Structure formats: C-alpha cells, structure tokens
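Working notes for the structure below.
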C-alpha cells in the first residue's frame, strides 16, 4: 500500500467530461449533472482508506442528496492486477451500502443507492481529473466549477481522529447555500490509484 496525496486540481477548474457505466449497467455522463452541485469521489472496493470513510459517505448521502447534491464514486483501478476492484464486486459493495443505509434509517428520504458507482476501465477519466489516490474528492458547484478538492476530514485508519467528514461537509454546506468555499483546503491521503 503506497500512501499518496491528492494533486489538488486548481479551484474553478470546469468538471471534466466523462461517460462511464454504473453498477446498474447504465451509462452515466457528466452532462447528467448540468446545473447541479456534484461530489465526484475516486474510490475503490479494497483500499483501507476508502473502507474507513465509507460509513461517512453513506451519511453524507443521507444528509445532502435531498438538498440537491449528486454523488458519484468512480473506480479507476486496474482490475487485472487488483481483482477485488472488479465491477462485479463493485455491485456487491454498493448493494451492501444501500442495505446498510436502509437498515440504519428505515424510512429515509433517499431509498436508493447512496451514490452512483462508476467504472473507469481505461483510466482516462482519472487522468482528466488528475486523481492520484483513493479516496480523492472533488466538489463542483451548479455552474460545474471546482470549489473543493482534498480530504474528507483529518481522520485516517488508525490515527485516532474522529471520522465526521467535517471539512467536506463545510464545503458542501457553503456550496448548497450559495456561499464561497474557503480556499484553505488540505490534500486527501490514501492508496495510490492502481495504474495499468
């Protein structure tokens, strides 16, 4: 496991275009999010940094999807070398997260997947975003401009910090409220994307 930091794509960068298959076998395009705030997350199935943050990502979905935030996870890892990230296992993971969401919240407003989960087989989308690690977060406003990139919060596996999504949550609150997001943003840290 190589500990890697995000590259911190410049703020105000327009959201790169993409069209990728989801775990529901539906092609999802960046154009599907025009006029909406969207959180793009480079994640995978097996990385310990990702499994650490998954509970908070499910909570983020419950707290913000009904307020108009779309959430998209993208797996760009080389599945030939890392078969735990295979699309068939992506389907299992997203189903488990969906069930845990329903089990924990019962009659939740959002009863479907906590987020879309897409497979970037060619790794071209990860390259467009300059993604470097899992997890790597990119928040775009309704104009399609990057307003936040970096970490969820200060917690990482085993460091004893509370997992609460505080830094990303603040950025989402500001964005959905029509306010400016603080430019004081810290890089995400995680496993490197497994390049071909």
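The values are calculated or read from the model by the stated rules, or taken from the named source; none is laboratory data. Remember, it's a predicted structure, so these values are computed and weren't measured experimentally. Virtual Cβ from ideal backbone geometry, glycine too; neighbours counted across all protein chains shown.
The table below gives the values:
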| read-out | value |
| --- | --- |
| Unique match (being closer than 18 Å to residue 173 by Cα and either surrounded by fewer than 17 Cβ atoms within 10 Å (Cβ to Cβ) or touching a helix residue (DSSP H, G or I) at 6+ places or on another chain (Cβ under 7 Å) (or both)) among 20, 11 | 11 |
| Some residue of segment 111-125 being farther than 23 Å from residue 188 by Cβ, at pLDDT below 95 and more than 14 Å from the chain's Cα centre (by Cα) | yes |
| Number of the condition not met by residue 67 [criteria: (1) touching a helix residue (DSSP H, G or I) at 6+ places or on another chain (Cβ under 9 Å); (2) buried (at least 16 other Cβ atoms within 10 Å of the Cβ)] | (2) |
| Residue in segment 99-109 that is modelled with pLDDT under 95, crowded, with 18+ Cβ neighbours inside 10 Å and more than 15 Å from the chain's Cα centre (by Cα) present | yes |
| Residue that is modelled with pLDDT of 95 or more and in contact with a helix residue (DSSP H, G or I) (Cβ under 6 Å, 6 or more places away or on another chain), where the choices are 144, 165 | 165 |
| Residue 61 vs. criteria assigned to a helix (DSSP H, G or I), at negative phi, modelled with pLDDT under 90 and in contact with a helix residue (DSSP H, G or I) (Cβ under 9 Å, 6 or more places away or on another chain) | no |
| Residue within segment 39-49 that is closer than 24 Å to residue 141 by Cβ and either without any contact (Cβ under 8 Å) to a residue 40 or more places away in the chain or surrounded by fewer than 22 Cβ atoms within 10 Å (Cβ to Cβ) (or both) present | no |
